[in-house]
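Written out below as structure tokens is the structure these notes cover.
The values are calculated or read from the model by the stated rules, or taken from the named source; none is laboratory data. Owing to the predicted nature of the structure, the values given are computational and were not obtained by experimental measurement. A quick note on method: Cβ atoms are made from the backbone with ideal geometry, for glycine too, and the neighbour counts reach across all protein chains shown.
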Amino acid sequence: MNDTLLDNEIPKKFKNPETGEVNVTAMAKSYKALEHKMSQAPTLPKSHSEYCIDCTHGVFDPDEDLNRRMFEKGFTNDQVQFVYDIAAEKMVPMVVEMAGDFQADREVEKLIEHFGGVDKWKEISRQLLAFGQKNLPADALDSLSSSFEGVLALHNMMNNEEPKISNGGGAMRSDGTMELQSMMKDPKYWRDKDPSFVAKVTEGFQRMYGK
């Protein structure tokens, strides 16, 4: 009776369809494959404190409460690391953008204070934009207007009675303007827009017209 019950519990795939004889070899192979699969299965740590998480990006550190909650859900170390990696991937650009916005706001506050109030700054910024669009290449204007020091250099340039560098290749000064004009004709500036090369041109303007 026991043999009959045991025989009924053996899946049909391990029996010869004609004789009903058990295929021991097939059973052994199946068991071995299952054993290998089980040995490869990810294992959970004994507690959430044993998770080994890489946060060398410096955006944030491992959170104990979050780790505990993921441990309760049966997360493996690889799964927990994946969660942290995705969070960093999404948060890093956000942090950089927020820092950039904060810096821009601080620069505007400094300019408002320097020029004596919001209304005066609005009028001066309008004048600077009109002047820059008329007398400077777009890249140079963008670079100068992106910082407090650059705006002051642009303001000094606007109030300077000597000839300016213009988009049309107008009159040039001899105290470095000739060099800047040559740099702006370089393909690295107008074609490739090489960041380091554009920065050198901007620094040139700041040295010439900054206080």
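Quick notes on this one:
- Look at the stretch 81-110: where a residue is surrounded by 12 or more Cβ atoms within 10 Å (Cβ to Cβ) and a partner is at pLDDT 80 or above, sitting 6+ places away or on another chain with Cβ atoms under 6 Å, you get Q81/I53; Y84/I53; E107/F148; K110/F148.
- Of the helices (runs of 4 or more DSSP H) contained entirely in the stretch 56-163, those carrying at least 1 residues that are β-branched (V, I, T) fall at 77-115, 118-135, 148-159.
- Subset of the stretch 29-63 that is at pLDDT below 85 and surrounded by 11 or more Cβ atoms within 10 Å (Cβ to Cβ) - its residue that is nearest to D78 (Cα to Cα): L44
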